[in-house]
Amino acid sequence: MLDKKELIKALPLANEYTETRIRKKRGGFRTLFIPSPELEKIQRKILRFFKKIWRTHYGSIHGLRSGSYVRHAKSHSGSRFIFVFDLENAFPSVNISKLKNILRKKISDQTKITDYFKEEPLTLLDLIIKLVTFRQVLPQGAPTSPFLFYLAITESGLFRKLWIICPRGYNITCYVDNFVISGPGPLKSEIQEKIFQCLEEFGFKVNPKKIRQFDCRNGAPLITGIRVDGKGRISLPKKTIRKWRGIIHRTALETNSFAREYLTRKIEGFIASLKPIYGNELPPQIKKPYLAFKNQPA
């Protein structure tokens, strides 16, 4: 359980964030608000508390309690048509009012606690809200934000309503703010509009630049970095394969022991990440240079 006194002592840290801008691959910037190490520490304690009291499993929400981005993509392999979209400013779309409506379902302690810094009586729910929000919304960059975002789309009833809107025989999943709907035919425009209207009713907005519909007979679309075809197969993009093949070749020629050790650890991590995608058999473009590298004389 959370230590209320510890939460009270952490309140002066509630606004300790560093704003960071990361350039996007397709142009523009993504703004992150990174909590201070001390604030992040208390947020991780709160996150463990959330995961303990919320035991509900949502099979279609990947990353909430289990389910990787690979499983998210794999669940749509073999589909003939795939419709994808992202939400715009997903985390900041969850404000304090939404959070209170969701969290009070489980956090029922209404005992007033004195904030000795402001002499303001607070409940346990008030303390938690203050420590996981920034500027009245979920900050993108805090460890608690992804979990609370998932709660916002599940506990509010949004995801259940999306399932009702989608035709029978279609699959809908979510990984962070990436939604994917797949089925035997293209998703009709009137269904798309109903989905977008539903999201707006719950306070979310679709990014118009990230709306795509694919016919898998004409190619394998990219879902969270994984190629998905209409025959039940998934794979990494050729560009990613070429990049790592080059890293393996470069590491094999590296003479600096520290640089070689660092790159070797990265390669082993990459090889381990391939198992959920390819099983025990590596893709041929990677297998040959990797085995040659592993069999190099010491």
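When you go through (1) touching a residue at least 40 places away in the same chain (Cβ under 8 Å); (2) touching a Gly at 6+ places or on another chain (Cβ under 8 Å) one by one for residue 277, which number turns out not to apply?
Against the list (1) touching a residue at least 40 places away in the same chain (Cβ under 8 Å); (2) touching a Gly at 6+ places or on another chain (Cβ under 8 Å), residue 277 comes up short only on (2).
What do you reckon, is residue 44 among the basic types (Lys, Arg), surrounded by 11 or more Cβ atoms within 10 Å (Cβ to Cβ) and in a strand (DSSP E or B)?
Taking the combined requirement at face value, the residue does not satisfy it.
Checking the condition at pLDDT 95 or above, more than 30 Å from residue 214 (Cα to Cα) and not polar (S, T, N, Q), which residue from 37, 121 passes?
The unique qualifying residue is 37.
Tell me the residue from 80, 104, 55 that is touching a residue at least 24 places away in the same chain (Cβ under 8 Å) and either acidic (Asp, Glu) or open to solvent by 50 Å² or more (accessible area, probe 1.4 Å) (or both), please.
80
List, please: which pairs have Cβ atoms under 8 Å, are six or more places apart or on different chains, and start with a residue in the stretch 213-224 that is in contact (Cβ under 8 Å) with a residue 24 or more places away in the chain and under 12 Å from residue 84 (Cβ atoms) and end with one that is assigned to a strand (DSSP E or B) and open to solvent by 40 Å² or more (accessible area, probe 1.4 Å)?
Here the result reads 221/212; 221/214; 221/227; 224/175, each pair linking the stretch 213-224 to a residue that is assigned to a strand (DSSP E or B) and open to solvent by 40 Å² or more (accessible area, probe 1.4 Å).
Taking interchain pairs and intrachain pairs at least six residues apart, which have beta carbon atoms under 8 angstrom, with the first residue in the stretch 282-298 and in contact (Cβ under 8 Å) with a residue 24 or more places away in the chain and the second of a type in the set (Lys, Arg)?
285/242; 285/245; 286/245; 289/245
Just for the stretch 1-28: of the residues that are closer than 30 Å to residue 210 by Cα and either of a type in the set (Phe, Trp, Tyr) or at pLDDT below 90 (or both), which one is most open to solvent (accessible area, probe 1.4 Å)?
Restricting to residues being closer than 30 Å to residue 210 by Cα and either of a type in the set (Phe, Trp, Tyr) or at pLDDT below 90 (or both), the top hit is 25.
Among the residues of the stretch 256-270, write down those that are aromatic (Phe, Trp, Tyr), within 32 Å of the chain's Cα centre (by Cα) and open to solvent by 40 Å² or more (accessible area, probe 1.4 Å).
262
The values are calculated or read from the model by the stated rules, or taken from the named source; none is laboratory data. Everything numeric in this text was worked out from a predicted model, so none of it was measured. Cβ sites come from the backbone with ideal geometry, for glycine too, and all protein chains shown count toward neighbours. What goes into the accessible areas is simple: the full protein's heavy atoms, side chains included, and nothing from ligands, DNA or RNA. Shrake-Rupley method; radii C 1.70, N 1.55, O 1.52, S 1.80 Å.
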